[in-house]
1. I'd like the accessible area for residue 139, computed on protein heavy atoms only with a 1.4 Å probe and all protein chains in place. Round to 10 Å², please.
2. What does DSSP give for the range 163-248 in terms of the percent of beta bridges that are antiparallel, rounded to the nearest 5?
3. Got a sec? What order do 382, 318, 73, 466 fall in by accessible area at 1.4 Å, biggest, i.e. largest, first?
4. Per residue, what accessible area does the range 146-246 have, given a 1.4 Å probe and all protein chains present, in Å²?
5. Give me, ordered by chain and number, the residues 5 or more places off residue 39 or on other chains with an amide H under 5 Å from its own placed amide H.
6. Counting heavy atoms of the protein chains only and a 1.4 Å probe, report the per residue accessible area for the range 325-381 as a whole number of Å².
7. Just by accessible area at a 1.4 angstrom probe, what is the order of 434, 354 from largest to smallest?
8. Mind putting a number on the dipole of the range 26-110 about its Cα centre? Charges go on the C-beta only, +1 for Lys and Arg and -1 for Asp and Glu, and I need it in Debye to the nearest 20.
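The values are calculated or read from the model by the stated rules, or taken from the named source; none is laboratory data. Since the model is a prediction, treat every value here as computed from it, not as a measurement. FYI the Cβ positions are ideal-geometry reconstructions off the backbone, even for glycines, and counts take in every protein chain you see. Side chains included, ligands, DNA and RNA excluded: accessible areas come from the protein's heavy atoms. Shrake-Rupley method; radii C 1.70, N 1.55, O 1.52, S 1.80 Å.
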Amino acid sequence: MVSRIIGSFLLGLCFRRASYVQAQGADLYLGDINFVILTDMHGFVKGTQNDPNLDADYGSVLSFVSQMRSISTSLDQDVFYINNGDFVSGSGFSGNPPTALTPIMEKFPWDLINIGEHEISHRETVEFLLQPGGFVDWWEGRVLTSNIVLAGTDTPMGSRYRFIDGENWGSVVLALGFLYNFEGAPADLLEVIPVEDVILSDWFTSVVLGEDRDYDGILVMAHMDIEDELIGKILRRIRDLTSDYDMPVTFVAGHTHYRAYKKLDDYSSAIEAGGYMDTVGFISSHNVGEVLPNTTELFHHSFLDTNKEFLRATLNVTVLDTAEGQGLSEFIEEIEKSLGLQDYIGCAPTTYKKEAEMSTKDSLTGLYFNEVIPQHVPNWNTTGDLFILGSKEFEYGILEGEVLRNDLQIVVPTQDAIVKLGDDIPGWVILSLKNLEDSEKAPNSILPDFLWSREADDLELFDTYTVYTGESYVRAMSEVMNIALSGSAGNPTEIKNVTIKSIVFDYVEANWVVCSSSSRSKSMSGGQKAGISIGVMAGVCCFCILCLFLRKQRKEDEFNQHYDDAFEPEQNGEANYT
């Protein structure tokens with residue numbers, strides 16, 4: 001018996017050593033009103049595949065929110081699910097138009113969806129979303145566009161506002177959805193009204209004053225940086241209109257892809273929850289009447305890594321996956337296969353890092369400027385041409401080894417066309433573009449805000465150059481050059497059938513053809529290799545211990561059998577001693 005107990009212990013020890021170490025989850029403080037947030041997903045419904053620690057996909061998040069809603073229901077608390085825009089334009093799941101992405105989006109129980117600039121930057125996507133019976137219609141008023149209207153009309157693209165009702169605590173929330181003052185929408189289809197004008201409009205004044213309906217709190221989905229001054233302007237207008245200064249106002253920010261939380265006043269807070277499916281944001285608030293001033297915080301927030309074990313541990317449930325969530329994951333895989341996103345397209349000779357300095361051999365930007373652009377931008381002149389790229393254009397690096405189609409899709413999420421700003425632009429005018437870098441700051445990045453294909457110090461002030469950039473930066477750069485040249489900078493020209501993303505594919509398919517057998521799979525870090533080695537050694541040790549235990553157990557069983565045979569009682573109850 002003792003040997004059996006010891007054996008079971010050793011066997012259990014081996015399996016525990018080999019299993020995933022359970023992570024400690026985040027502390028979620030459920031209030032009366034709770035918001036679960038995804039923002040700036042950019043089509044990353046399969047998850048952040050270039051980061052093995054972020055292994056949750058859209059189906060995993062659906063399982064998380066489904067289980068969270070069950071928990072909140074048992075506690076009589078309300079949970080709402082918020083998508084804060086820029087859900088298109090990024091991974092291979094999101095084309096232009098996003099025909100493969102929207103069926104996936106429609107399987108998620110969003111209570112509210114905001115619109116970001118990427119949803120309205122391209123004509124094909126706008127027309128697709130607005131078609132009769134299309135994406136906007138499908139959500140039946142849950143797509144909010146407080147400052148986006150159809151061109152030449154006063155008709156909003158979606159809904160200006162919406163009241164959402166909690167099923168448990170019975171909360172009523174007034175929801176609004178704003179986009180920053182974006183100027184890049186197709187002018188004949190949509191118009192983005194300046195936020196400053198909307199908050200002075202009659203409809204905004206009426207709804208905030210409660211003339212439509214009483215409410216318990218305000219949610220402002222603001223697709224803009226959490227530090228954008230427009231958030232303060234919206235809040236001040238709300239405070240001016242409401243007689244109750246203690247009305248809870250929650251802002252959900254976005255657009256700039258980083259995590260941040262900010263207390264705006266005693267009864268208002270803002271949260272920004274990362275991007276590219278790296279974060280599930282959470283913020284809750286209490287009924288103001290239940291909170292004692294200066295003793296208990298009205299708002300509580302958490303940032304959750306999109307790691308399946310972390311999400312499971314956060315809810316303290318045995319299993320994260322639900323049938324509904326697993327079904328969505330399988331649906332995503334079916335679409336992935338149909339799009340060929342796991343197709344092999346090349347073999348990276350080394351690992352290229354997004355944050356590496358351009359002069360190093362492992363620099364992704366160095367690869368782009370020194371090899372990709374010269375080979376695949378038509379008529380490129382290395383001595384006389386200059387390419388200026390935003391540092392936000394790259395999201396992930398490229399790992400050594402096999403490169404799959406979706407690997408490159410998420411390395412360069414943007415669909416920006418390449419645009420020639422002009423020929424014969426003087427060096428002194430180009431240097432004036434450096435002033436734009438402060439306004440295009442990329443939070444939490446060690447890269448400069450603009451990436452130049454040649455050092456600015458190498459430019460001669462009175463020599464002329466041909467300048468290229470991505471379409472997202474054309475308006476701002478053209479304005480600067482027109483000021484410098486008194487309006488004679490010329491008209492930018494889009495390079496047909498060439499995008500910032502497409503030339504990366506062209507380069508890989510032309511230069512990284514076949515993997516050798518030694519590099520057939522993604523490279524691993526030294527720590528990963530060491531971890532695998534230790535795991536193998538531990539497994540061998542466990543196997544040896546188990547074999548020794550089983551051998552000893554077999555001999556013990558043979559002895560016991562012999563002993564039992566020797567002393568087996570006879571039919572008459574007397575022992576047989578023969």
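1. Its accessible surface works out to 0 Å², give or take rounding.
2. Just about 30 percent of them are antiparallel.
3. Ranking 382, 318, 73, 466 by accessible area, largest first, yields 318, 382, 73, 466.
4. On a per-residue basis, 44 Å².
5. Under 5 Å from the amide H of residue 39: 84.
6. It amounts to 51 Å² per residue over the range 325-381.
7. Result of the area sort, largest leading: 434, 354.
8. Here the size comes out at about 280 debye.
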